[in-house]
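The values are calculated or read from the model by the stated rules, or taken from the named source; none is laboratory data. All of these numbers come straight from a predicted model, not from anything done at the bench. A quick note on method: Cβ atoms are made from the backbone with ideal geometry, for glycine too, and the neighbour counts reach across all protein chains shown. Keep in mind that these areas ignore ligands, DNA and RNA; they rest on the heavy atoms of the full protein, side chains included. Shrake-Rupley method; radii C 1.70, N 1.55, O 1.52, S 1.80 Å.
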Amino acid sequence: MAHAAPTTGGMRTTAVRTRAPDIFSARTHRVAQWTTAVVLGLVYGYWTAANNRSGGPVTGWNLLLGFVSAIVFAALYLGIHAMAPRMRRELHAVLWAAFAGCAFGFMYSQTDASVLRSIGMSLIVAGGFFVALFYRYYTHEDAAGHRIR
């Protein structure tokens, strides 16, 4: 009878974690990154301008506010998207949470809400983002901020 010889240390299997193959090129990823920033910026700018006019007529200043908000949002998004992965997971989560809180706070302030209410609501949103993102980065990155593969 042929049996496998026992090995020291018991039965071991080598579990190799592999990533799914990347079917898109680096150029496609760059285009998608820029497209995402532009689309999110345009949605944010439109929403900010709509909150500012409160259902009234569209004016030139309202259009200017929307386009400037869109450009600033997209630029900050791209900057944070480029800078955040190089940070430790705590700062990574804080940076995205601060961005989300500030973006929401500015948009909420356009609804003629009080300054204290705008600050309070943006802190609640930033806190929620921080908790969710810290959990995600804590479970998917090591202490130095490198993705666990």
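Figures for the structure shown
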read-out: One residue from LEU63, LEU95, LEU133, LEU78 being open to solvent by 50 Å² or more (accessible area, probe 1.4 Å) and assigned to a helix (DSSP H, G or I); value: LEU63
read-out: VAL115, sole failed condition from (1) more than 29 Å from HIS29 (Cβ to Cβ); (2) touching a His at 6+ places or on another chain (Cβ under 6 Å); value: (2)
read-out: Flag if ALA49 is assigned to a helix (DSSP H, G or I), among the small types (Gly, Ala, Ser), surrounded by 10 or more Cβ atoms within 10 Å (Cβ to Cβ) and at pLDDT 90 or above; value: yes
read-out: Cβ pairs under 8 Å, 6+ apart, first in segment 123-147 and modelled with pLDDT under 95, second of a type in the set (Val, Ile, Thr) and loosely packed, with under 14 Cβ neighbours inside 10 Å; value: HIS140/ILE148; GLU141/ILE148; ASP142/ILE148
read-out: Filter result for the condition that a residue is farther than 30 Å from PRO21 by Cα and either open to solvent by 70 Å² or more (accessible area, probe 1.4 Å) or not hydroxyl-bearing (Ser, Thr, Tyr) (or both), over VAL115, VAL38; value: VAL115
read-out: Which listed residue, of MET107, MET121, MET83, is part of a helix (DSSP H, G or I), out of contact with any His (no Cβ under 8 Å at 6 or more places or on another chain) and exposed (fewer than 14 other Cβ atoms within 10 Å of the Cβ); value: MET83
